[in-house]
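The values are calculated or read from the model by the stated rules, or taken from the named source; none is laboratory data. Since the model is a prediction, treat every value here as computed from it, not as a measurement. Note: ideal-geometry Cβ built from the backbone for every residue, glycine included; neighbour counts use all protein chains shown. Note: areas computed on protein heavy atoms with side chains; ligands, DNA, RNA excluded. Shrake-Rupley method; radii C 1.70, N 1.55, O 1.52, S 1.80 Å.
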Amino acid sequence: MNAHHHDDRRPAGEQGAQVIPLNTARPEPRIDEPGPPPSERHPLERRAAAGLAFLRRRLAGEYEVDEFGFDPELNRTVLLPLARALYERWFRVELSGQENVPADGGALIVANHSGTVPIDGIMLSVGVHDHLHRDLRLLGADLIYQVPMLGHLSRKAGHTLASPADATRLLGKGELVGVFPEGFKGVGKPFAERYRLQRFGRGGFVETALRANVPIIPCAIVGAEEIYPKLAELKPLARLLGLPYFPVTPTFPWLGPAGLVPLPSKWMIQFGEPMPLGDYGPDAADDPMTVFNLTDHVRENVQQMLYDTLLRRGPAFF
Amino acid sequence: MGRTVSSMPSAAARVVLVTGVSRFLGARVASTLQADPGIERVIGVDTVPPTTPLGRTEFVRVDIRTPSIAKIISSAEVDTVVHLNLVTNASGPRSKVKEFNVIGTMQLLAACQRSPDMRKLVVRSSAAVYGSSPMDPAVFTERDEPVEAPTSGYAKDAVEVEGYVRGLRRRRSDLTVSVLRFANFLGPGVDSPLTRYLRMPVVPTVLGFDPRLQFVHEDDGVEVLRRMTVEDHPGCFNVAGDGVLLLSQALRRAGRPYVPVPAPSISTLGDLGRRFAGLSGFSPELQRWLTYGRVIDTTALVGELAWRPKYGSEAAFADFVSAQGLGRSAPLELIDRLGAALGRG
């Protein structure tokens, strides 16, 4: 129930900078051959050697990426620790319902989307990585992949474009895939409509899950709605910049860059019981009525979980 | 089904015509085919004579844009055409390259359609037909349509060539037609815009983008073309080494210094290089590829041939790097020295 119980794969007591285990998946240890075995060496020295080994691997390009561009090492050692600070200290995320997510094999997590800036996706990845010990592969909007930096960082973190082809491929490889069917309608909704789910796309995610025969795991993320309360939007500016919306929040754009700091709301992430689709069979994906009904069912599920979790959380900021 | 046909002696290639024989891929394929005792004659055609000896390959100097190609096909009773003519280098003016790629293919296919001896056509195409865009699926299969079809360069030529090949297949359904969409070739012998790009003293990359790239080793490419020629594997196949490299990762492995520059200045840099340094510049399709990258699925090929490329993308790149004498970079040396000092201490 508590976000602060520590991942037992990581050594206790370290938070920001992570110790990289020596010689993981490396056939020949080049650096510490002449030295004493690692166990006899000073921890500081070990850290330095490990850091150096990491730096060397990165500079030499000696790491692997998968066909989606996922770089697990970079994700684990650089990208996730950055987000983890936000996860643990700023938003104080509490994760529950971990037992509902299978430990291996393909599954589709379907969550609500909110917060004006899609930080909820990043927090969900941290939670899944730290508490479920799996890599979450999110399906993102195509806009992300057109923006310099964002696109390749998102790929390196394991995410890909929201398309049936990519989703099917990931699920076929037994990956844990996450999707926000509301899309920009969800992230960009005004503050007054917080915690009210928007339309769930066109149900493409249900079709994909049916075809891949994987369970759908509903997920409610509470807290993201308050990080950038969107009071209004500037449509002409959004059109000019090619963005889906240009938000006006109590702090942005009034305070300039300081307005980009998210408000420190208290977050809760709840996984619901998996909804197995095995009974329907893959042919059901071609039956729009089944797909619509299932989509509605998932949506109601997530909405109900949202209300429950919201009650459980209490006040938004402490 | 393909394999049962190939076991029948009548379907085996007897007289093979290889186009583009004076260029690297054509020369290698021709010399591989001429070493096969099952093939009676190998005829190589190109507009310039080959620079390397091709064994018992008979060279005929002919421009495939002219109808004389039809005479060769009918008089030599050619039954298999291996069309490797696609020019992917930006050598010479664009209009001439296009003429060569598209009009040449049309003439050749017209001759093939007319010939009663023709049984098989193997066409070298390119994975560039899928284009490169931020909205692409992560991996392209042969069934996928490009999200943004290529609008320029050899990529567009390849799309048009494939269109004409489909037309021929419709009209001559008795032909075995194999179309191969190759990822970028790499290896010790390859000279292409990509290899010239990688050998630049400081490699410019597109700021804010790190594309996923795939390579096919020249040996694997030749082997695929050989198998397609001597066996029957009709259809369209992606050809690439397993695995993916990011551009940044590849440049690090090659020990190349690189500097990210904003996208518009890349083409300016390329222009300057072309004008003053004799470099080939960056064609729009190369630039798009270096921005968005592209990954193709080779499951169909692996299933059809029951064979996997010997070199994955990483191994193909490593072979290129070692053949070029590239590799270690200065920061890496420093780290190794530091590491050694730490190990002793």
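Starting from residues that are part of a loop (DSSP other than H, G, I, E, B) and open to solvent by 20 Å² or more (accessible area, probe 1.4 Å), keep the ones in the stretch A:158-179 and report whichever is farthest from the other protein chains (Cβ to nearest Cβ). Filtering the stretch A:158-179 for residues that are part of a loop (DSSP other than H, G, I, E, B) and open to solvent by 20 Å² or more (accessible area, probe 1.4 Å), the one farthest from the other protein chains (Cβ to nearest Cβ) comes out as A:Gly174.
Inspection of the stretch A:83-106 identifies at least one residue that is among the hydrophobic types (A, V, I, L, M, F, W, C), touching a His at 6+ places or on another chain (Cβ under 7 Å) and modelled with pLDDT of 50 or more. Does B:Phe215 fit the bill of being within 17 Å of B:Val244 (Cβ to Cβ), open to solvent by 10 Å² or more (accessible area, probe 1.4 Å) and under 12 Å from the mean Cα position of the chain (by Cα)? Criteria not met by B:Phe215. For A:Arg76, indicate whether it is within 16 Å of the chain's Cα centre (by Cα) and open to solvent by 30 Å² or more (accessible area, probe 1.4 Å). So A:Arg76 fits the description; yes.
Residue by residue, here is whether (1) out of contact with any Phe, Trp or Tyr (no Cβ under 9 Å at 6 or more places or on another chain); (2) open to solvent by 30 Å² or more (accessible area, probe 1.4 Å); (3) among the hydroxyl-bearing types (Ser, Thr, Tyr) holds:
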| position | (1), (2), (3) |
| --- | --- |
| B:Val42 | yes, no, no |
| B:Asp46 | no, no, no |
| B:Arg61 | yes, yes, no |
| B:Ser68 | yes, yes, yes |
| B:Val78 | yes, no, no |
| B:Val82 | yes, no, no |
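Just one of the listed residues (B:Ser173, B:Ser178, B:Ser152) is free of Cβ contacts under 8 Å to residues at least 60 places away in the same chain, of a type in the set (Gly, Ala, Ser), away from chain A (no Cβ under 14 Å) and surrounded by fewer than 23 Cβ atoms within 10 Å (Cβ to Cβ), and it is B:Ser173.
When A:Leu310, A:Leu277 are screened for being over 24 Å from A:Asp120 (Cα atoms) and touching a strand residue (DSSP E or B) at 6+ places or on another chain (Cβ under 9 Å), only A:Leu277 passes.
In the stretch B:301-337, what count of residues is obtained for those that are more than 14 Å from every other protein chain (Cβ to nearest Cβ), open to solvent by 40 Å² or more (accessible area, probe 1.4 Å) and either over 30 Å from B:Leu269 (Cβ atoms) or outside any helix (DSSP H, G or I) (or both)? Total meeting the criteria: 9. Comparison of A:Arg89, A:Arg84 shows that the only residue that is under 19 Å from A:Leu124 (Cβ atoms), open to solvent by less than 40 Å² (accessible area, probe 1.4 Å) and assigned to a helix (DSSP H, G or I) is A:Arg84. Applying the condition of being within 17 Å of the chain's Cα centre (by Cα) and outside any helix (DSSP H, G or I) to the stretch B:11-29 and asking which residue is nearest to B:Val190 (Cα to Cα) yields B:Arg23. Annotation note: of B:Val239, B:Val203, B:Val259, the sole residue that is buried (at least 21 other Cβ atoms within 10 Å of the Cβ) and among the hydrophobic types (A, V, I, L, M, F, W, C) is B:Val239.
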